[in-house]
Amino acid sequence: MTKIEALKVAISRTKHGVMRINDVVRDVNTVWVEAGEPYPLPYDEYKRRAWLLADLERMLTQLVDDAHAEALEMNAKRSAKLANEIMFCDDHRSLFDKCDPYVRGLMISDAHSEALRANELLDTSVLVVLNNRDAWKSASATVKKLAVALAQAEAQEEDYRFNWLHNRWCLFHSSSRQQQEEIIGVAWEQAHQTIEADEEYNSQRKWKLEAIWKHTHRDYKGESDGVRSILVCRNGTISVPLDGLTDKEIEQRSSMWQRNK
């Protein structure tokens with residue numbers, strides 16, 4: 001039985017109460033020990049099924065994320081190998097026709113990525129040319145043409161912004177006192193709503209972080225020099241400061257402990 005399968009079985013048994021907590025912990029730890037790894041769940045620590053269920057679901061999420069990352073890495077290696085074969089192939093079209101649809105997709109994706117990198121290098125060259133007169137003299141005709149087009153587009157954008165601000169300014173000063181007060185009131189209300197939304201977001205985030213810290217098992221959290229950290233999966237299990245959790249990680253953990261309340 002694989003680790004993922006063992007966790008799924010353990011979660012099902014814990015939810016339906018068909019096995020004692022210690023027996024579930026023993027079965028899960030056995031799978032890890034048989035794989036030559038230290039057991040992940042502490043014995044005789046879980047007093048409620050909800051605590052065990054939260055840890056089991058967290059472990060399952062991490063294992064699935066790790067498997068996904070490993071699959072992506074394998075695909076990247078396969079893609080690199082394919083790119084190497086293409087590099088030394090005289091007839092790329094013939095090689096493309098012989099490949100299966102999956103490999104064709106990888107070839108197209110690699111070609112697209114290479115084109116994006118080339119465009120990025122070209123954009124960098126254009127920016128250097130715009131800011132360096134000596135670079136302009138040695139630049140190719142293509143780079144010069146793109147540089148001129150970029151400068152023209154920036155000038156038009158700046159002109160549009162100036163005209164927009166100028167029109168708003170003229171509209172404000174040509175309005176009556178009552179209209180000016182209405183414009184100021186609308187602007188103040190929009191700013192007030194933005195500030196309230198930011199305060200609500202920060203308040204909710206702080207509340208969720210405190211709840212996550214409270215419901216995370218002590219084996220998966222710690223505090224050093226006043227900085228609280230928990231274990232998360234980011235291409236591997238790492239310790240991350242509590243305040244450094246992303247919104248996605250916060251929502252995942254919040255939904256997990258809320259289901260188990």
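With labels modelled as points extended 7 Å from the Cα through the Cβ direction, what inter-label distance (nm, one decimal) is found for Y220 paired with Y43? Label at Y220, label at Y43, 2.2 nm between them. Charge dipole (Cα centre; +1 on Lys/Arg Cβ, -1 on Asp/Glu Cβ; no other charges) of region 155-261 amounts to roughly 720 debye.
In this simple spin-label model, placing a label point 7 Å from the Cα along the Cα-to-Cβ direction at both K15 and I184 gives a separation of 6.0 nm.
With contacts taken as Cα pairs under 8 Å at a separation of at least 6 residues, region 196-243 carries a relative contact order of 25 percent. Length available on full extension from A197 to N119: 0.36 nm per residue minus the Cα-Cα distance, which gives 24.3 nm.
The loop-placed trypsin sites (Lys or Arg not before Pro) in region 174-249, going by DSSP, that have at most 12 neighbouring Cβ atoms within 10 Å of their Cβ come out as R234. In this structure region 152-200 gives 91 Å² per residue of accessible area when probed at 1.4 Å with all protein chains present. Between E158 and W32, the simple label model (points 7 Å from Cα in the Cβ direction) yields a spacing of 6.0 nm.
Averaging Cα coordinates gives a centre for region 199-261 and one for region 24-43; these two points are 25 Å apart.
A simple packing score, the average count of other Cβ atoms within 10 Å per residue, orders the peptides 35-44, 53-62 as 53-62, 35-44, with the highest score first.
Rounded, prolate or oblate: which fits region 16-66, taking a ≥ b ≥ c as square roots of the Cα gyration tensor eigenvalues, rounded meaning a/c under 1.5, else prolate when a/b beats b/c? Oblate is the answer for region 16-66, as a/c is 1.5 or above yet b/c matches or exceeds a/b. Judged by the ratio a/c of the largest to the smallest principal axis of the C-alpha gyration tensor, region 139-203 counts as oblate, that ratio being 1.5 or greater while a/b is no larger than b/c.
Using only Cα coordinates, the Kirkwood hydrodynamic radius of region 177-261 works out to 15.4 Å.
The values are calculated or read from the model by the stated rules, or taken from the named source; none is laboratory data. Just so we're clear, the structure is a prediction, and the values are computed from it rather than from any experiment. Ideal geometry is used to build each Cβ from the backbone, glycine not excepted, and the neighbour counts take in all protein chains shown. Quick note on the areas: whole protein, heavy atoms, side chains included, nothing else; ligands and nucleic acids left out. Shrake-Rupley method; radii C 1.70, N 1.55, O 1.52, S 1.80 Å.
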